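In what follows, a single structure is set out as structure tokens and then discussed.
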Amino acid sequence: MKQFNMFIDGQSINMSSKLDIINPATGQAFAQCPNGTPANVDNAVSSARRAFKLWGQTSSEERKQKIHQLADTIEANMPELMTLITQETGKPINGLSGVGSGMEVGGAIAWTRSTAELDIPIDVIQDNEDARIEVHRKPLGVVASITPWNWPLMIAIWHVIPALKAGNTVVIKPSELTPLATIRFVELANEILPHGVLNIVTGGSAVGTALCAHSGVDKIVFTGSTATGKKVMQMASATLKRLTLELGGNDAGIVLADVDIRSTAKKLFDACFHNNGQTCAALKRLYVHESIFDDVCDEMARLAREVNVGNGEQEDTELGPIQNAQQLNIVMDLAADAKLNGGHFLTGGRKIIGAGYFFEPTIVTGLTDGSRLVDEEPFGPILPIIKYTDIEEVIARANRNQSGLGGSVWSKDIAKATHIASRLECGSVWVNTHGALQPNAPFGGIKQSGFGIEFGLQGLAEFTSIQTIKINK
Ligand code: NAD
């Protein structure tokens, strides 16, 4: 079995205690990495603190050059990183409408290059005969990054690169289910960055809690479930660590009566089912106007029946397995609850027999708000389509949810759709698309989807503190 190590202070660290990494397409372990401990966290944080003394003093231009070199090395190692991602997540190489591990690595490169170019200039807010006042942005120190299993490399990049660009050093803890592409990236990065600037400790929640509790950590950037995010916030309070929490979503999409059904259904299907629905800002509750409800459902069901489900290493696979057995159980449980409570299954509803964690692409009607499949984030290939009559009523229903990550409105009437979208309670809204993230557009949740912004200048600012300098004249 292939072995992967941690990297602390530029050194490759092995341990006798190992974590098995399972390929969800087979259910079999194919690699191992160390099961890290709080002592490893301690070493990694000390190493990051030492490295911060110099890295925090480098110029933004020097850091820009280094970060472009990181993008170069990701690019040079793209095939290997894609294979690791497909084996550890189950995500297809190509995937539904091009959303696969190729896109994940391509996105990692694009985000790295775009973030390398960002700079927050000194803001002179007063300069007159009384005083000059300058507002500076300074790095925070040591950033702890904790990532989930659905987009492991992409989300690691979203955390690590702006933290480094702002002049911080980093200790990353990837999900214990999908650590491999992140380990390989950190190994490659350590050939470019000074020792200690980027460290990785692998392991489960014990490593996560040790990082959150560590007094040497200045900020935590966490992407994962709302339940874990609440624990992270609690632990961070002991030393008032800064926080970015990117948590769960249960995004609603509202389809108005005037859409072109065939072309819109394909876009809706991709927005819901890419990566098997295991994307924070995937469309997870679809509200369709009653006048076109049956036609949209028929078209979505046709697409669900035709989509190619299989091992992601095959080039024509569109949807792979669910990433882990626990998530498969959550999806099966929600399907069972929907069945018990009047859900009408247009397609799917069952685990696919055989090896691996495969589940049939599933479309359910006949449910409404208040049922678990509508109210809870399924994070799998199962979608409730819900009928509505009145636009005011559907806006209220879309907003009646604890999450507030993303939302979308679909119509030929752009002005009307944009106005409705602006009334949705979520951090990002889209018109005639969904979940379309890009490096220069701020992204973050409201309500129980978390707080803090990623991407663009606003995202970079999250890794800094303000120092105001007033020079009396
Ligand atoms: P999770 O909360 O189970 O785990 C996330 C990470 O936290 C893992 O690395 C895990 O080891 C670690 N962890 C677990 N317990 C911990 C603790 N007590 N203290 C510190 N760390 C701990 O989430 P997951 O199942 O890996 O990911 C799926 C969730 O992530 C979904 O809800 C999804 O919506 C969300 N997500 C959100 C975004 C976003 O940008 N908002 C992006 C991707 C995923």
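The values are calculated or read from the model by the stated rules, or taken from the named source; none is laboratory data. Because the structure is predicted, anything quoted here is derived from the model rather than measured. We place every Cβ from the backbone using ideal geometry, glycine too, and count neighbours over all the protein chains shown. Heavy atoms of the whole protein, side chains included, go into the accessibility calculation; ligands, DNA and RNA do not. Shrake-Rupley method; radii C 1.70, N 1.55, O 1.52, S 1.80 Å.
The alpha carbons of segment 66-146 stretch over 63, 26, 23 Å along the principal axes, in descending order. Here the spin labels are modelled as points 7 Å beyond Cα on the Cα-Cβ line, and at Asn329 and Arg400 they lie 3.2 nm apart. Per-residue packing, averaged as other Cβ atoms within 10 Å, sorts the ranges 465-473, 167-175, 309-317 into the order 167-175, 309-317, 465-473, beginning with the highest.
The shape of segment 87-234 comes out prolate: with a ≥ b ≥ c from the C-alpha gyration tensor, a/c is at least 1.5 and a/b beats b/c. Whenever you get a sec, compute what percent of the accessible area on segment 251-438 sits on carbon and sulfur atoms (1.4 Å probe). The nonpolar share, carbon plus sulfur, comes to 49 percent.
Shape class of the chain from the alpha-carbon gyration tensor: oblate, with a/c at 1.5 or above and b/c at least as large as a/b. Please work out the FRET efficiency for the pair Ile469 and Met78, using the Cβ-Cβ distance as r and a Förster radius of 35 Å; give the result to the nearest 0.05. So the FRET efficiency works out to roughly 0.20. Based on C-alpha pairs under 8 angstrom that are at least 6 apart in sequence, the chain has a relative contact order of 19 percent.
Projected label points at Leu54 and Asn308, each 7 Å from Cα along the beta carbon direction, are separated by 5.0 nanometres. What the chain shows is 39 Å² of accessible area per residue, with the surface traced by a 1.4 Å probe over protein heavy atoms. Overall dimensions of segment 188-257, expressed as equivalent-ellipsoid semi-axes from the Cα gyration tensor (√(5λ), whole Å, largest first), are 29, 19, 11. Longer than 27 Å from Cα to Cα, which of Lys387/Lys416; Lys2/Lys351; Lys64/Lys284; Lys64/Lys473 are they? Say none if no pair is. Check vs 27 Å cut-off fails for Lys2/Lys351; Lys64/Lys284; Lys64/Lys473. The residues Tyr357, Tyr287, sorted by heavy-atom accessible surface at 1.4 Å with ligands and nucleic acids left out, run Tyr357, Tyr287 from largest to smallest.
For Lys53, the aspartates and glutamates whose Cα falls under 18 Å of its own Cα, not counting residues fewer than eight places away in the same chain, are Asp9, Asp42, Glu61, Glu62, Asp218.
If the label point is 7 Å along Cα→Cβ of Phe30, which residues in segment 100-115 have backbone nitrogen under 17 Å from it? Answer for this model: 100-105.
For the residues Ser408, Ser114, a 1.4 Å probe over the protein chains yields an accessible-area ranking, largest first, of Ser114, Ser408. Peptide packing for 93-104, 154-165 was compared via the average number of neighbouring C-beta atoms within 10 Å per residue; ordered from the highest value, the list is 154-165, 93-104.
Determine the distance separating the Cα centre of segment 176-249 from the Cα centre of segment 36-64; give it in Å without decimals. The two parts, judged by their Cα centres, are 13 Å apart.
Cross-link partners for Lys231 among the aspartates and glutamates, with Cα-Cα distance under 14 Å and sequence neighbours closer than 8 places in the same chain left out: Glu246. Sorting the segments 323-335, 274-286 by their mean number of nearby beta carbons within 10 angstrom, highest to lowest, gives 274-286, 323-335.
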